[in-house]
Amino acid sequence: MKEENILTTGKLFFWLSFILGNICLFGYLITKDEGFAFYGFMLLFFGSILNVLVIITLLIYGAFNKNYLDTCYKSIGTILINIPIATLYAVIGISILNF
């Protein structure tokens, strides 16, 4: 795999998680439809599993292809940016649903 493809993988999973999380959060805030909140929490659960699998795959790929290890780390770093965002959205979602 080329360096561009590795970086694109990280960006793809970052943006996919970010955009779907925004749709769920703001969809609930705008419509008050609890389906958005439910799917947001499902996204948090299944998205976390998927992102961890991608990170493990990139780590394994980088371990076997030492030339691409730094690129894999950069791609993993891009994916990990979603952790504080997802935490913030989860706290917002829980606090909104409790009121």
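Any read-out appearing in this document is the output of simple, stated calculations on the displayed coordinates, not a laboratory observation. These numbers were taken from a predicted model, which means no experiment stands behind them. A quick note on method: Cβ atoms are made from the backbone with ideal geometry, for glycine too, and the neighbour counts reach across all protein chains shown.
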Inter-label distance, nm, simple model (7 Å from Cα along the C-beta direction), ILE92/ASN5: 3.6 nm
Phi to ³J(HN,Hα) by Karplus 6.51 cos²θ - 1.76 cosθ + 1.60 over the stretch 57-69, Hz, x for Gly, Pro: 4, 5, 5, 5, 4, x, 5, 7, 10, 4, 5, 9, 4
Net length gained if the chain between LEU69 and ASN22 were fully extended (0.36 nm per residue, minus Cα distance): 13.8 nm
Backbone HN-Hα couplings from phi across the stretch 90-98 [Karplus 6.51/-1.76/1.60, Hz, Gly and Pro as x]: 5, 5, 4, x, 5, 5, 5, 6, 7
Relative intensity, log₁₀ I(q)/I(0), of the stretch 3-97 from a Debye sum that treats every alpha carbon as a point, q = 0.24, 0.25 Å⁻¹: -1.11, -1.17
Note, ³J(HN,Hα) from phi for the stretch 34-46, Karplus 6.51, -1.76, 1.60, rounded to Hz, x at Gly and Pro: 5, x, 4, 5, 4, 5, x, 6, 5, 4, 4, 6, 6
